[in-house]
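K.L.:
Here you go, one structure.
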Amino acid sequence: MSAFVNVLALAVPVFTLQVYDRVVAHAGLRTLEGLIIGMAFIVIFDYALRQSRSRIMQTVALRVDVLIGRKLFNKVMELPLQTLESQTSAHWQSLFRDVDTVRNALSGASAILVADLPFAILFLGLIFVIAPAIAWVLLIILPVFTFVAWRSGNVMAAANSEERQTSQSRDSLIAEMISGRTTIKALALDGAMRPLWEDKHADNIERSILRGSKTDIYSNIGASLSMMTSIAVTTVGAIAIIDQRLTIGALIATNMLSGRLLGPLNQLVTQWRTYTSFKQSVERLGEVFNSPSERQESKVKLVRPNGEITAEHISFSYSEDQQPVVDRVNVTIKASGVHALVGRNGSGKTTLLKLLLGLYEPSDGRVLLDGADISQFTRSELARWIGYVPQECVLFAGSVHDNIVNRFPEATDEQLIKAATAAGVHKFIIDMPDGYATEIGEAGSRLSGGQRQRIAIARALVGDPSVLLLDEPSSSLDRQAEQELRRTLLDIGRDRTVVIVTHSPILLAICKDLVALDKGKVALAGPAKEILPRLFGTPPKTTGRKETQTSAQQQPAANPSADTSGNPQTESRK
Ligand code: ADP
C-alpha cells in the first residue's frame with residue numbers, strides 16, 4: 001500500500017511541472033483539462049489506498065493487543081515465584097504498558113514512516129530525472145540528515161531509559177504507599193513519606209525535562225536543516241535557470257519533491273523517541289518471554305499421592321551472596337497426621353514450607369512427594385495435591401464463594417460448604433445478608449483478619465488435597481476459633497498430611513511429629529511427645545486456662561521456638 005501511495009505522491013510535482021512548463025508557457029488549456037482528469041483519478045485512488053492502509057494498521061494494533069497481551073499474561077503466570085520476587089511490582093506492571101508501546105509503534109504514524117522511508121530513493125531518482133542540475137544539493141543534505149537522526153537516536157535511547165527508571169521507582173513508592181495506607185494514616189507517616197516522594201518525583205521531572213530538551217535540540221536542528229535545504233535548492237536552481245539548464249517548473253517540482261524526501265527524515269529525528277521506547281519495550285518483553293517458565297506439562301499423570309513428604313538435604317538462599325536460609329535440611333514427614341514446624345522468627349520455617357510446596361527450587365537436594373521428585377510435576381498438579389495457607393492470607397475482590405472455589409471452579413456447593421464448615425467459617429458466612437455471594441472488597445478489605453484467615457483455610461481445603469501446609473494458621477484467630485481449628489486439623493489429619501508452622505500450644509498439642517528449625521538447620525526432630533518436653537519443659541496442655549503456663553516455662557537456650565523478642569502471641573498467653 002505504501003509503495004502505491006508513494007508512487008502516487010510523485011504525481012503532484014509532475015503535475016505542477018507540466019502546468020508551469022506546458023500549460024502556462026504555451027497556454028495549453030486542453031493539456032490542463034487532461035491533466036486535471038488524470039489528477040482526479042489519482043486523488044480518489046490515493047484516498048482509497050490510504051484508507052485501506054489505516055484499516056490494516058488498526059488490525060495490526062488489535063492483534064498486537066490481543067496476542068501479545070495474552071501471551072504476556074500467560075508468561076507472567078508461568079514464571080517461577082523466585083523470578084517474580086526478584087523484581088518490584090512496578091516492573092511487572094510496566095511490562096503491560098510495554099505492550100501498549102509496541103502496539104502504538106507498530107500501528108501508528110511511526111510504522112507508516114518506516115514504510116515510507118525507502119521510497120525517499122524514488123523521490124531522489126525523480127529529482128535526478130527532472131532537475132539534474134540541482135540534485136547534487138540533496139545528495140549533500142541527505143547524509144547530514146541521516147547523521148542527525150542517528151545521533152538523536154543514540155542520545156534519546158539513554159535519556160529515555162533514565163526517565164523510565166525514575167518513573168518506575170516513583171511508581172513503586174506510590175504502590176507501596178497505597179497498599180500501606182492504613183499504617184501511614186495510623187502512624188501519621190505522611191511527614192516521613194513526603195521527602196521520599198518529593199525526591200523521586202523531582203528526579204523523574206528532572207529526567208523528563210532533560211529528555212525533552214534533548215528532543216527539542218534535535219527536532220529544531222531538523223527544522224533548520226529543512227529550511228536550509230529549501231534555500232539551497234532555490235538558490236542553486238535560480239542560477240541553473242539563468243544558465244538555461246533548468247526550467248521554472250522543474251525548480252518548483254524539485255522543491256516539492258525535496259519536501260517529500262526530507263519530510264520523513266525530519267520526522268525520523270522527532271519520532272526517534274517512539275522508536276527507542278519501542279526497541280526498549282521489545283527488549284524487555286523479549287527478556288521476559290525468554291526467561292525460563294515453570295514446568296507446564298508432566299510426562300506421567302500421577303494418581304492422588306498419599307502425602308509423605310521428604311526433604312532430602314535441601315538448601316536454599318535468596319541470593320548467591322547470602323547465607324543459606326534453609327541449610328541441608330533432611331526430614332521425612334510421614335503420610336497423615338498433624339506435624340509441626342517450629343523455630344524462632346527468621347529461622348526459615350516459611351521458606352521451608354515454600355520449598356516443600358515447590359514454590360522455590362532448592363539450590364541443593366530435592367523434595368519428594370511419596371518418593372517422587374516434585375520438580376517433575378506442574379504447578380497446578382502440586383497445587384491440587386498440596387493445599388497451602390500462607391502467613392498473610394491474600395484474598396481477591398469478588399464474592400466469598402468465588403474466593404473459596406477459585407482454584408476449583410467445578411467444585412460443587414456441597415464441597416464448598418464442607419470446606420467452609422471445616423474451616424469454621426460457614427456459620428459466619430450464612431449469617432451475612434448475601435451469604436456466600438457477599439462481596440468482600442478489594443483484597444478482602446471488608447473482612448476482619450481472622451475471617452480472612454478462615455476463608456483462606458477453607459480455600460486450601462477445597463479439592464481435597466493430600467497435604468495441607470499451614471503457616472501460622474491461628475495468628476489472627478480467637479481462642480474459640482483456634483480450638484475449632486484444632487478439631488478441624490485433627491479431623492483432616494486422619495487421612496491427610498498436615499504440616500503447620502505454629503507457636504500455639506493448642507495446635508502443638510495435637511501434633512504427631514515435630515521439627516524444630518534453628519538458623520535454617522534442623523535442631524530437633526522426632527515424635528512431638530519427646531520433643532515438646534525438651535522445648536517447653538512440660539508438654540503443653542490443650543484446654544483450659546492452665547495451658548498458658550507453657551510459654552512462661554520456655555527455656556530459651558534449648559528452645560528454638562521460644563521467641564525472646566516477645567512474640568505477641570506468647571505474651572498474650574502469659
Ligand atoms: P520464619 O518463617 O522462620 O520466620 P522465613 O523463612 O520467613 O523465616 O525467613 C528466613 C530468612 O530469610 C529471614 O532471615 C529473612 O530475612 C529471609 N527472607 C525471607 N524472605 C525473603 C525474601 N523474599 N528475600 C530475601 N530474604 C528473605
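K.L.:
Are there any pairs with C-beta distances below 7 angstrom linking a residue in region 372-401 that is free of Cβ contacts under 8 Å to residues at least 24 places away in the same chain to a residue that is surrounded by 21 or more Cβ atoms within 10 Å (Cβ to Cβ) and outside any strand (DSSP E or B), with the two at least 6 apart or on different chains, and if so which?
P.N.:
Ile374/Gly358; Ile374/Leu382
K.L.:
While we're here: All but one of (1) more than 16 Å from the ligand (Cβ to nearest atom); (2) touching a Phe, Trp or Tyr at 6+ places or on another chain (Cβ under 6 Å); (3) in the same structural domain as Thr497 (by TED's automatic domain parsing) hold for Ser298, so report the exception by its number.
P.N.:
Ser298 satisfies every listed condition except (3).
K.L.:
Right, here's the next one. Kindly indicate which of Arg384, Arg407, Arg344 is closer than 23 Å to Ser317 by Cα and not β-branched (Val, Ile, Thr).
P.N.:
Arg344
K.L.:
Also, quick follow-up: Taking Met177 as the residue in question, decide whether it is free of Cβ contacts under 8 Å to residues at least 24 places away in the same chain, under 26 Å from the mean Cα position of the chain (by Cα) and surrounded by 12 or more Cβ atoms within 10 Å (Cβ to Cβ).
P.N.:
Yes, satisfied.
K.L.:
Report whether or not Gln480 is polar (S, T, N, Q), under 24 Å from Val342 (Cβ atoms) and touching a Leu at 6+ places or on another chain (Cβ under 9 Å).
P.N.:
The answer is no for Gln480.
K.L.:
I would also like to ask the following. What number of residues in region 68-89 are outside any loop (DSSP other than H, G, I, E, B) and touching a residue at least 40 places away in the same chain (Cβ under 8 Å)?
P.N.:
Here the count works out to 10.
This table checks each residue for (1) of a type in the set (A, V, I, L, M); (2) in a helix (DSSP H, G or I); (3) closer than 17 Å to Asn6 by Cβ.
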| site | (1), (2), (3) |
| --- | --- |
| Met39 | yes, yes, yes |
| Val43 | yes, yes, yes |
| Tyr47 | no, yes, yes |
| Ser52 | no, yes, yes |
| Asp65 | no, yes, no |
| Ala111 | yes, yes, yes |
| Leu117 | yes, yes, yes |
| Gly125 | no, yes, yes |
| Thr146 | no, yes, no |
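K.L.:
Please verify whether region 71-83 includes one or more residues that are loosely packed, with under 13 Cβ neighbours inside 10 Å and hydroxyl-bearing (Ser, Thr, Tyr).
P.N.:
Scanning region 71-83 turns up no residue that is loosely packed, with under 13 Cβ neighbours inside 10 Å and hydroxyl-bearing (Ser, Thr, Tyr).
K.L.:
Might you check whether a residue that is of a type outside the set (Val, Ile, Thr), within 18 Å of Arg151 (Cα to Cα) and surrounded by 12 or more Cβ atoms within 10 Å (Cβ to Cβ) occurs anywhere in region 182-205?
P.N.:
So far as region 182-205 goes, no, none of its residues is of a type outside the set (Val, Ile, Thr), within 18 Å of Arg151 (Cα to Cα) and surrounded by 12 or more Cβ atoms within 10 Å (Cβ to Cβ).
K.L.:
Going residue by residue through region 134-144, is there one that turns out to be in a helix (DSSP H, G or I) and either within 30 Å of Glu198 (Cα to Cα) or among the small types (Gly, Ala, Ser) (or both)?
P.N.:
Looking through region 134-144, at least one residue is in a helix (DSSP H, G or I) and either within 30 Å of Glu198 (Cα to Cα) or among the small types (Gly, Ala, Ser) (or both).
K.L.:
So which residues in region 493-525 are without any contact (Cβ under 8 Å) to a residue 60 or more places away in the chain and in contact with a strand residue (DSSP E or B) (Cβ under 7 Å, 6 or more places away or on another chain)?
P.N.:
Leu524
K.L.:
Which of the residues belonging to region 235-284 are of a type in the set (D, E, K, R) and under 30 Å from Ile68 (Cα atoms)?
P.N.:
Arg273, Lys279, Glu283, Arg284
K.L.:
Something else about it: Starting from residues that are surrounded by 23 or more Cβ atoms within 10 Å (Cβ to Cβ) and not aliphatic (A, V, I, L, M), keep the ones in region 386-400 and report whichever is farthest from Val498 (Cα to Cα).
P.N.:
My answer is Cys393.
The values are calculated or read from the model by the stated rules, or taken from the named source; none is laboratory data. Values in this document were obtained by computation on a predicted structure and should not be read as measured data. Using ideal geometry, Cβ is built from the backbone for each residue, glycine included, and neighbour counts are taken over all protein chains shown.
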